[in-house]
Each structure stands twice: as C-alpha cells, then as structure tokens.
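Chemist: Before anything else, here's the structure in question.
The values are calculated or read from the model by the stated rules, or taken from the named source; none is laboratory data. Keep in mind that what you see is a predicted model, and the values were worked out from it rather than measured. When we count neighbours, we look across all protein chains shown, and the Cβ atoms used for this are built from the backbone with ideal geometry, even at glycine. All accessible areas refer to the heavy atoms of the entire protein, side chains included, with ligands and DNA or RNA removed. Shrake-Rupley method; radii C 1.70, N 1.55, O 1.52, S 1.80 Å.
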Amino acid sequence: VEVTAFYLNGLYRGIWRFSSTPDLIRIIVGVSFAVPLAYISLLTLGKHHDTNIIIFINQWTLLVVILGGSRFSYRLYSDKYNYKNRPVKLRNALIIGAGFAGQQLYRDIRNDKHSDFNVIGFIDDDQGKKNKILHGLKVFGSVKEISRFVRRFDISHVIIAIPSASKDDLSRIVKACNNTNVKVRSIPKLGDLISGKIQISKVRKVTPSDLLGRSQVDLHMQTMAHMLGGRVILVTGAGGSIGSELCNQIVKFKPATLVCIDNNELNLYELEHKFDESGQTMKIEYLIGDVRDYNQMESIFKVYKPQIAFHAAAYKHVPMMEKNPLQAIQVNVGGTYNIANLADKFNLEKFVLVSTDKAVNPTNVMGTTKRIAEMLCQCVQKDSETKFAIVRFGNVLGSSGSVIPRFQKQIEAGGPVTVTHPDIIRYFMSIPEAAQLVIQAGSIGKGGEIFVLDMGEPVKIYDLAKQMITLAGLKVDEDIKIEFTGLREGEKLYEELLADEETSLPTQHERVRVAKVRDVSDQTFESIMQLLEVKAENEVRLRLKKIVPEYEVSDEDLVTTSRFKDESFSVN
C-alpha cells in the first residue's frame with residue numbers, strides 16, 4: 001500500500017543527485033498520505049487489534065528520515081565528489097550578492113565539475129547579513145571593503161550575482177576593485193534569466209556597455225510597425241555599425257522587402273551571413289553600391305521601388321576626414337543629396353537621415369558636412385511630399401572606429417592606453433538603442449524635423465579607460481599606463497546635441513526631442529550645389545564656412561590646405 005502511495009506521489013521520479021527542498025516536501029506529503037492509508041487498510045482487514053497508533057507515528061518519522069536522509073546523503077556525497085574532482089588549479093572568487101541569485105550561483109559552481117572557481121565567500125551591502133553563514137561560507141562585508149578581502153584571500157575573480165544591478169551599481173563595484181588585479185565577472189541580466197535563454201551559471205565579462213548603458217528603451221511599437229510593416233525598406237550603409245543594427249531592428253517588423261546597400265563587400269557579406277545563420281526567411285536584397293553614383297542608385301530605386309529609406313552611409317572618422325575633406329563632401333553631402341533627391345523623385349513615404357552630434361557648432365570637416373547634409377534634407381523637404389526626418393545622436397558603444405574597441409586592443413597589447421585629453425567627455429549610447437530610436441524618430445516625423453536623442457549623462461573618457469583596465473584585472477599605471485596624446489585635428493573636448501541658437505521641444509516619445517533650427521534659404525541650397533562642384537582642396541574650408549557660419553576653423557585653414565600646396569590639385 002505504501003509503495004503504491006509513494007509511486008502515485010512521484011517519489012520515485014526524483015533524481016537523487018539534485019535532491020532539494022521540493023523533494024523533501026514531496027517525501028513528507030507522500031509519507032503523510034501513505035501511513036494513514038496503511039492504517040486504514042489494516043482496520044478494513046480487521047487487524048486493528050494487532051496495531052497501535054504509536055507504531056504508525058514512529059513509522060512516519062522513520063520513513064521521512066530514511067527516505068529523505070538517503071537522498072540528501074547521496075547529494076552531499078556527489079557534491080563533495082564533484083568538488084574534489086574539479087580542475088586542480090582553482091581560481092579564488094568572491095560572490096557579490098548574498099541573495100537568491102548569489103546562493104544559486106554558488107550551488108551551480110559547486111555542482112559543475114568543470115568549473116575552476118573556488119568560492120571563498122560572499123560580499124553584500126546588507127549589514128544584516130554581515131558575518132552570517134550561507135551554504136557554509138561567510139558573508140564578509142560590504143562592497144567598499146572588497147580590496148581588503150581580495151588581498152587577504154588572494155582573490156582573482158569577483159562575480160557580481162545581482163541580475164537587476166543598474167549601471168551605477170556596476171560602476172560602484174568596478175571602482176571598488178580598482179588597483180586590485182581582480183577580474184570582474186557577472187551573471188546574465190534579469191531579462192535573459194527570466195526568459196530562460198541563459199542560465200545563472202553562465203558567468204560573463206562585465207563590458208563597458210554594462211557600465212554606460214541605461215534602462216531599456218520604451219518603444220512605441222505600434223507607430224513603428226505601421227511605418228515598416230509590409231513595406232519595401234531601403235538602408236544605405238547597411239553593413240556599418242548603425243546600418244546593420246537598423247537592418248536587425250527593421251526585420252522584426254516584417255517588411256515586404258529589405259534592400260541593403262553598402263560599398264564594403266566584406267561588411268555586406270557578414271550581414272548576409274548573420275541573417276542566414278539566424279534563419280531569416282523574409283526577402284532581403286544585398287547590393288554593392290556607392291551613394292555617390294547617382295545612376296546606380298536611381299536604377300536601384302527603379303527596380304525595387306522602396307517606400308521608406310534610412311540613409312546611414314557616411315564617412316564619420318574626424319581626423320581622417322580632416323585629411324580627406326573632398327571625400328567627406330562627396331559622400332556626406334553628395335551621397336545624401338543623391339538619396340534624398342531620389343526619395344523625392346520616387347515619392348517615398350519617408351526618408352530618415354542618420355546624423356551626429358558633431359554637426360552642432362562643428363569644429364571639423366566631418367561634422368560640418370553632416371550639418372550641411374541636414375540642411376540639404378530640409379531644402380528638399382520644401383517642395384516634396386516625402387517626409388524627411390533627421391536624427392542626431394552621439395557615440396555608439398562598440399561601433400567600428402570608436403574608442404572602446406581601440407582601448408580593448410591597446411589593453412590586450414599591454415598598453416599604453418591613449419587618451420587625447422584628461423578632460424575630454426563624450427555621450428554614449430548602445431548600438432541597438434540608437435537604431436531603435438532612429439526608427440522611432442522616423443515613425444513620428446511629420447517632415448523636416450531634426451530629432452535629438454536623449455543621450456543621458458556624458459562620460460569622461462579618462463574614467464572609461466580606467467574602468468576598462470580594471471575590468472581586465474589589471475592595475476592602472478602599474479600594469480597598463482594611460483598616456484595623453486593631445487586633441488586630434490578637429491576634435492572637441494565635449495560634444496553638443498543642440499546648437500547655441502537652437503532650442504528643443506518634446507515629442508510623443510520621452511527619449512526623443514525635436515530641435516527648432518533656423519530656416520534654410522534658397523541661397524543656401526545654391527551654395528551647397530556649388531560646394532559639390534569644388535575640385536580644389538584648398539577651397540573646401542572656405543566654402544564650408546560660408547554655408548555653416550558656426551563652423552569653427554582657423555584663419556590659416558581657411559586659405560590654405562594642410563596637405564597640398566598646389567592649388568590646382570583636383571579629383572577626377
């Protein structure tokens with residue numbers, strides 16, 4: 001009778017190796033059901049005179065002890081066996097967070113015979129947990145005391161077991177680890193754990209994105225779906241950092257066709273490969289093309305008949321464009337004019353220009369050409385039924401040519417890490433966030449607006465460099481030195497999102513504002529067209545200054561070129 005009751009209660013389906021509190025509860029419930037059932041059976045058979053209720057009470061106790069004890073003894077033995085058979089060379093670690101996630105991480109580490117972490121104890125800011133024991137390990141103290149315990153126990157890794165930790169929490173922990181030579185790791189984020197995509201034991205590196213990121217963007221999905229769903233979407237610069245992420249976000253809204261244009265063969269191939277690997281089945285066209293070639297772009301518009309265009313193709317490297325100003329004009333201004341003109345000619349519903357904060361009070365050729373591209377779109381908008389939207393934002397984390405990949409390479413090479421100036425600051429945004437807000441801004445645009453994305457608080461690049469060195473488990477100025485190289489040609493100490501004469505107004509999305517800018521005259525349009533005809537490099541800066549008066553450039557640069565003495569130099 002009791003065996004049958006145990007079977008029906010699922011007592012024999014549990015895996016002893018992973019016995020836990022639910023198994024103990026199942027045992028208690030099963031025994032509590034089986035023992036009375038046995039007693040009732042004996043009464044039914046008329047055997048009650050041979051039994052005593054005390055016997056059944058004792059039987060209940062013994063069954064719980066034997067069934068539970070055997071299972072938990074086996075688990076303790078297995079844990080100890082696995083722990084002894086882990087890699088010989090273990091890395092001492094502290095777990096930050098003595099909550100549910102912290103204790104679950106410790107259990108997973110102990111149960112994983114391949115793990116080489118030797119957890120010494122826990123760190124937690126809750127003073128009520130200090131000196132308490134969790135799974136046989138001590139909760140030592142708060143985050144601000146990390147350095148003391150790192151030295152005392154020869155810690156090599158600190159693992160943050162707080163899946164809901166904010167960027168401020170992470171930054172505080174990383175700062176506490178400064179000059180300790182520990183590597184900082186973290187468990188997956190809360191969203192990934194809840195979705196079941198990643199297990200808590202999948203410890204990962206803490207990245208600059210974690211420290212600089214912000215709360216998840218609250219998108220107005222309906223307006224975005226209305227703009228993109230079932231339509232033919234064209235993206236220029238589709239192989240670049242922003243362009244490729246725009247494509248990633250766009251396919252989620254199931255357009256009829258996505259046309260990806262880029263002049264970089266490798267980037268476009270990698271985009272195609274990524275979509276193929278993800279099993280993407282929608283129609284995607286991958287076209288090698290140059291936005292400077294009007295005839296080629298026109299043929300693409302004729303064949304694919306796009307309804308929405310995102311123009312992300314641009315030269316964006318400031319020092320490089322200082323050395324190649326004619327190329328900056330041809331791509332950033334000429335390429336924009338070609339695509340904007342074709343958007344008007346083929347009556348596209350919307351055209352979205354990806355711009356930059358460097359277009360505000362520009363001090364370099366790149367920023368000035370992007371400001372002119374904005375003005376060009378406003379000029380075309382005047383006589384067009386196509387709705388033009390311009391979106392400005394700052395640096396994106398991990399984009400090609402940005403500071404973070406450069407710092408990572410310098411750290412891997414043993415340093416030094418080069419920072420142009422100790423006080424230089426920049427705004428940062430993750431690539432997915434930037435792409436999402438570009439689409440969001442495009443979806444709410446009525447025509448001709450310049451949208452400014454909320455970039456959050458600016459980041460001091462020197463502090464970022466120190467944090468990245470710490471994340472690598474190295475000491476600043478001892479293992480890796482930081483050197484200041486001086487501001488590069490055309491580089492600002494800080495970037496702005498709104499020019500001095502401009503103000504901004506809120507939109508229906510809290511992270512997107514619209515800039516109120518001065519009107520663009522017909523004469524300005526004529527000056528831009530004349531700029532596209534310039535062939536002599538020594539004329540470039542003078543022409544740029546004429547169109548964008550706020551362009552900050554030295555008198556010497558206005559009349560001469562830094563590269564060529566021959567005023568007849570031209571590009572065919």
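Chemist: What are the ³J(HN,Hα) values, in whole Hz, obtained from phi via the Karplus relation 6.51 cos²θ - 1.76 cosθ + 1.60 with θ = phi - 60°, for each residue of the stretch 345-362 in sequence order, with x given for Gly and Pro?
Modeler: 4, 9, 6, 5, 5, 8, 10, 10, 9, 8, 10, 8, 5, 6, 7, 8, 6, x
Chemist: Once every Cα of the stretch 412-490 carries one equal point scatterer and solvent is ignored, give the base-10 log of I(q)/I(0) from the Debye formula at q = 0.13, 0.24, 0.25 Å⁻¹, two decimals.
Modeler: Log10 I(q)/I(0), no solvent term: -0.59, -1.09, -1.13.
Chemist: Okay, moving on. Give me the lysines in straight-line cross-link reach of LYS516: C-alpha distance below 25 Å, same-chain residues under 8 apart excluded.
Modeler: Partners found: LYS316, LYS350, LYS358, LYS370, LYS382, LYS387, LYS446, LYS492, LYS545, LYS546.
Chemist: Related question: What GluC sites (Glu not before Pro) does the stretch 285-383 have in DSSP loop regions with at most 16 other beta carbons within 10 Å?
Modeler: GLU349
Chemist: I've got another one for you. Tell me, what is the FRET efficiency for ILE66 and GLN222 to the nearest 0.05, using R0 = 60 angstrom and their Cβ-Cβ distance as r?
Modeler: Plugging the Cβ-Cβ distance into 1/(1 + (r/R0)^6) gives 0.50.
Chemist: Need one value: the accessible area of LEU287 in square angstrom, 1.4 angstrom probe, rounded to the nearest 10.
Modeler: 30 Å²
Chemist: Something else: For the stretch 402-470 and the stretch 300-316, compute the distance between their C-alpha centroids and round to whole Å.
Modeler: Comparing the Cα centres of the stretch 402-470 and the stretch 300-316, I get a distance of 26 Å.
Chemist: Dividing the alpha-carbon Rg of the stretch 104-169 by 2.2 N^0.38 Å yields what?
Modeler: 1.14
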